[in-house]
Ligand SMILES: [Zn+2]
Ligand SMILES: [Zn+2]
């Protein structure tokens with residue numbers, strides 16, 4: 001099969017490679033990839049900002065595809081993952097958790113120390129085929145085409161987890177208006193919240209995009225919103241946004257850092273944290289997040305804005321994401 005893989009650590013690009021079609025093991029399914037979203041985490045993997053990826057690694061953890069083969073013990077399990085040939089599934093970032101550690105046993109498998117992640121430790125979806133543990137593959141809502149569904153698998157799932165961590169904020173700030181924010185904004189507006197969108201200074205296209213999705217205000221990250229925020233989610237991997245967002249919060253407000261990697265956070269005066277303001281991160285996702293969000297998305301309904309690229313053009317998609325040239329999400333099609 002054809003795949004685009006990171007073949008040298010921190011190469012900054014993926015290379016076209018020919019690989020054998022993988023064989024599903026016990027409890028696994030072989031999926032014919034129909035579409036795979038391009039996430040900022042893929043950039044962190046390719047650029048060497050995350051430690052010790054499997055090498056070589058096929059990135060990609062927003063996979064939509066159809067089951068082509070099932071391994072032993074996949075049929076007849078009655079655990080909601082009774083997948084069959086022809087089923088359409090989505091494969092997200094969380095590819096495995098141990099099930100027995102204190103985190104797994106308390107509904108926090110996203111923090112499992114033995115967790116493994118798609119497109120990082122497990123070959124992902126920048127390829128014609130991928131193998132996944134059937135327990136971590138989810139039915140995709142019928143309302144979405146393959147390409148439109150792909151961004152739901154990470155921008156949607158981890159965006160939604162971040163959104164829940166922001167609590168019941170009435171005024172919600174979103175820093176970095178990319179794939180995740182464009183989904184979260186729609187859910188927040190649906191929930192009757194006010195969305196304030198913060199972009200790079202001068203990115204009027206992103207600000208206009210945010211307003212078109214219902215943001216009541218859009219401006220530069222250096223600007224003050226007209227009212228203090230009850231919460232802010234930072235999707236951009238830029239540490240200086242933490243004190244910028246904190247300074248915009250009302251007392252008791254929360255800043256949620258949604259990315260897996262961020263540049264260093266500069267020192268800031270205690271005064272902007274005082275009055276029970278909170279800074280926290282969000283790590284990965286649980287399977288319950290996936291079930292919850294995939295049930296919610298068609299009822300909002302969340303509409304994803306996507307730009308399609310051929311699989312062979314993965315480096316162009318990564319480059320457009322790195323340079324901030326995308327509105328919504330890039331999706332690769334093999
Ligand atoms: Zn565990
Ligand atoms: Zn992701």
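Each value in this text was obtained by applying a stated rule to the coordinates, not by laboratory testing. Remember, it's a predicted structure, so these values are computed and weren't measured experimentally. Cβ: placed from backbone, ideal geometry, glycine included. Neighbour counts: every protein chain shown.
With respect to the chain, whose longest principal axis is taken over its alpha-carbon atoms, helix 179-190 is tilted by about 60°.
Normalised by residue count, the range 86-228 yields a Cα convex hull volume of 154 Å³ per residue. Globularity index of the range 1-142 is 1.03 (Cα radius of gyration / 2.2 N^0.38 Å, N = number of residues). Residues within the reach of a label modelled at residue 261 (point 7 angstrom out along Cα to beta-carbon, backbone nitrogen below 17 Å), restricted to the range 15-41, are 15, 38-41.
Counting other Cβ atoms within 10 Å as a rough exposure proxy, the listed residues 153, 172 run 172, 153 from fewest neighbours to most.
A helix-only calculation puts the chain at -5500 deg cm²/dmol for mean residue ellipticity at 222 nm, using -39500 (n - 2.57) for each DSSP H run of at least four residues, averaged over all residues.
A straight chain from residue 270 to residue 100 at 0.36 nm per residue would run longer than the Cα-Cα distance by 57.3 nm.
The peptide list 157-166, 188-197, put in order of mean Cβ contacts within 10 Å with the highest first, becomes 157-166, 188-197.
By DSSP, what percent of the beta bridges with both residues in the chain are antiparallel, rounded to the nearest 5? Percent antiparallel among DSSP bridges in the chain is about 50. Over the chain, the reciprocal of the mean inverse Cα-Cα separation, the Kirkwood hydrodynamic radius, stands at 20.0 Å. Remark: the range 8-61 projects, on average over all directions, an area of 4.6 nm² (convex hull of Cα atoms). Listed from fewest to most Cβ neighbours within 10 Å, the set 168, 15, 123 follows the order 168, 15, 123.
Across the chain, Cα pairs under 8 Å and at least six residues apart give a relative contact order of 19 percent. Over all alpha-carbon pairs in the range 217-257, figure out the percentage whose distance exceeds 11 Å. So the portion of pairs separated by more than 11 Å is 61 percent.
FRET efficiency for the pair residue 250 and residue 220, taken as 1/(1 + (r/R0)^6) with r the Cβ-Cβ distance and R0 = 22 Å, rounds to 0.60.
As a proxy for reagent exposure, ranking 148, 16 by other Cβ atoms within 10 Å from fewest up yields 16, 148.
Between the helical axis of 155-165 and the longest alpha-carbon principal axis of the chain there is an angle of about 50 degrees. Peptides 95-108, 30-43 ordered by packing proxy, namely the average of other Cβ atoms within 10 Å per residue, highest first: 30-43, 95-108.
What do you get for the angle between helix 287-296 and the principal long axis of the chain? Use alpha-carbon atoms, 0 to 90 degrees, nearest ten. So the inclination is approximately 70 degrees. With only the Cα atoms considered, the range 157-281 has a convex hull volume of 90 Å³ per residue.
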